[in-house]
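Trainee: Here it is: the structure, laid out below.
The values are calculated or read from the model by the stated rules, or taken from the named source; none is laboratory data. Everything numeric in this text was worked out from a predicted model, so none of it was measured. All Cβ positions, even for glycine, are placed from backbone atoms using ideal geometry, and neighbour counts span all protein chains on display.
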Amino acid sequence: DVRDIIRTDNNFRDAKIDWFITEQKVKEQINPLFTQSNIVLTQGFIGATDDNESTTLGREGSDYSAAVFANLLDAECQVIWKDVQGLMNADPKLYGEAQWIKELNYKEVIEMAYYGAQVIHPKTIKPLHNKSIPLYVKSFINPDEEGTCIHNQTVHHLPPIIVYKANQALVQLASKDFSFVGEGLTAEVYNIFESLKFKPNLTQNAAISLLCVVDDQPEKVEALALKASEHFDVSVTKNLTMLTVRHYQKEVVESLTNGFRIVLQQQTPETIQMVLENKPNN
């Protein structure tokens with residue numbers, strides 16, 4: 001029973017692992033089992049407190065459990081089995097030219113997850129990164145296929161990595177007295193986000209305004225607008241899509257934005273993000 005091994009705090013739905021105690025239990029209870037067999041089966045996703053109360057490890061907790069064991073057992077690698085060949089550069093349901101990616105750097109996967117791609121959760125990556133343990137994502141339908149290897153080395157010549165987030169809302173906060181939106185007002189906004197357990201997917205500052213792109217969760221968007229109205233004039237635009245392209249190419253971006261109006265755009269040498277709205281005549 002993995003609850004005899006994985007020791008956690010009492011944050012029951014998103015428990016934090018006590019690595020020191022868990023490591024001791026792995027040495028005492030798991031390592032000896034490998035003298036009897038080269039296969040040891042256990043559960044993922046759950047742990048237990050010092051009082052033996054069951055806890056869960058939060059989002060992607062099963063993958064995370066495997067990464068914890070890989071770290072503590074100094075594994076050669078970790079393999080996650082899925083119903084696809086490996087990681088793709090885009091969701092093939094949304095982008096017909098999606099490509100399989102042979103290999104990725106740990107940090108690239110974390111970037112993809114941050115922008116909304118349904119890939120490996122960063123908390124799974126961290127225990128592997130700490131010991132440079134490669135992670136393979138392979139298909140249980142076609143187990144002989146190569147899959148994707150995620151490792152600690154630099155990977156060159158990646159295809160554009162495309163991430164869509166639908167059902168976005170743009171919350172525009174304009175200073176009521178035309179004062180600059182500096183650290184004080186920005187801190188107020190982030191305090192509101194924290195109080196609502198809500199996070200912006202994209203923010204952009206101007207002299208007297210702050211733009212926040214958020215998941216369109218109606219109750220939270222309404223609460224955000226209400227609280228922010230103490231300091232700002234607030235307007236909300238809904239039915240938007242956020243598009244993120246890493247390692248972008250001009251022609252790819254143009255094809256992805258054809259038929260949309262670009263409401264907001266941010267760009268760095270590696271990443272471009274745009275908030276899109278359907279054109280009225282579409």
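Trainee: Determine if the range 240-252 includes at least one residue that is out of contact with any strand residue (DSSP E or B) (no Cβ under 7 Å at 6 or more places or on another chain), at positive phi and not in a helix (DSSP H, G or I). Quick ask: steps written out before the conclusion?
Mentor: Going through the range 240-252, the residues out of contact with any strand residue (DSSP E or B) (no Cβ under 7 Å at 6 or more places or on another chain) turn out to be 249-251.
With the extra rule that they be at positive phi, the set shrinks to none.
The answer is no; no qualifying residue exists.
Each row is one residue, and each column tells you yes or no for (1) under 29 Å from Y95 (Cα atoms); (2) in a loop (DSSP other than H, G, I, E, B); (3) in contact (Cβ under 8 Å) with a residue 24 or more places away in the chain; (4) among the aliphatic types (A, V, I, L, M).
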{"site": "K199", "(1), (2), (3), (4)": "yes, yes, no, no"}
{"site": "Q204", "(1), (2), (3), (4)": "yes, no, yes, no"}
{"site": "V213", "(1), (2), (3), (4)": "yes, no, yes, yes"}
{"site": "A223", "(1), (2), (3), (4)": "no, no, yes, yes"}
{"site": "E230", "(1), (2), (3), (4)": "no, yes, no, no"}
{"site": "D233", "(1), (2), (3), (4)": "no, no, yes, no"}
{"site": "K238", "(1), (2), (3), (4)": "yes, no, yes, no"}
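Trainee: Still on this model: Taking strands (runs of 3 or more DSSP E) that do not extend beyond the range 123-182, which have at least 2 residues that are over 19 Å from the mean Cα position of the chain (by Cα) and in the same structural domain as E103 (by TED's automatic domain parsing)?
Mentor: Details: elements: 135-139, 148-151, 161-175.
Fully inside the range 123-182 and qualifying: 135-139.
Trainee: Which members of the range 115-166 meet the condition of being farther than 28 Å from L276 by Cβ and of a type in the set (A, V, I, L, M, F, W, C)?
Mentor: Selection gives I125, L128, I133, L135, V137, F140, I141, C149, I150, V155.
Trainee: Among the listed residues V40, V26, identify the single one that is in a loop (DSSP other than H, G, I, E, B) and more than 25 Å from the chain's Cα centre (by Cα). Please lay out each step first, then the result.
Mentor: Details: V26 fails: in a loop (DSSP other than H, G, I, E, B).
Among V40, V26, only V40 is in a loop (DSSP other than H, G, I, E, B) and more than 25 Å from the chain's Cα centre (by Cα).
Trainee: Further question: Looking at A66, A90, A75, which one is crowded, with 16+ Cβ neighbours inside 10 Å and either part of a helix (DSSP H, G or I) or free of Cβ contacts under 8 Å to residues at least 12 places away in the same chain (or both)? I'd like the intermediate steps shown before the answer.
Mentor: Working: A90 fails: either part of a helix (DSSP H, G or I) or free of Cβ contacts under 8 Å to residues at least 12 places away in the same chain (or both); A75 fails: either part of a helix (DSSP H, G or I) or free of Cβ contacts under 8 Å to residues at least 12 places away in the same chain (or both).
Checking each option against the conditions leaves just A66.
Trainee: I'd like to check something: does the range 79-90 contain any residue that is aromatic (F, W, Y) and within 21 Å of the chain's Cα centre (by Cα)? Break it down into steps so the answer makes sense when it comes.
Mentor: Applying the first criterion (aromatic (F, W, Y)) to the range 79-90 yields 81.
Checking the rest, the ones that are also within 21 Å of the chain's Cα centre (by Cα) come to 81.
Yes.
Trainee: Hey, could you check the range 85-119 for residues that are out of contact with any strand residue (DSSP E or B) (no Cβ under 7 Å at 6 or more places or on another chain) and aliphatic (A, V, I, L, M) and say which is modelled with the lowest pLDDT?
Mentor: Here the residue is V119.
Trainee: Among the numbered criteria (1) surrounded by 18 or more Cβ atoms within 10 Å (Cβ to Cβ); (2) more than 30 Å from M274 (Cβ to Cβ); (3) not hydroxyl-bearing (S, T, Y), which single criterion is violated by D51?
Mentor: Failed condition: (1).
Trainee: Sort through L276, L264, L240 and tell me the only one that's over 13 Å from L211 (Cβ atoms) and crowded, with 18+ Cβ neighbours inside 10 Å. Don't jump to the end; show me each part of the working.
Mentor: Numbers: L264 fails: over 13 Å from L211 (Cβ atoms); L240 fails: over 13 Å from L211 (Cβ atoms).
It is L276.
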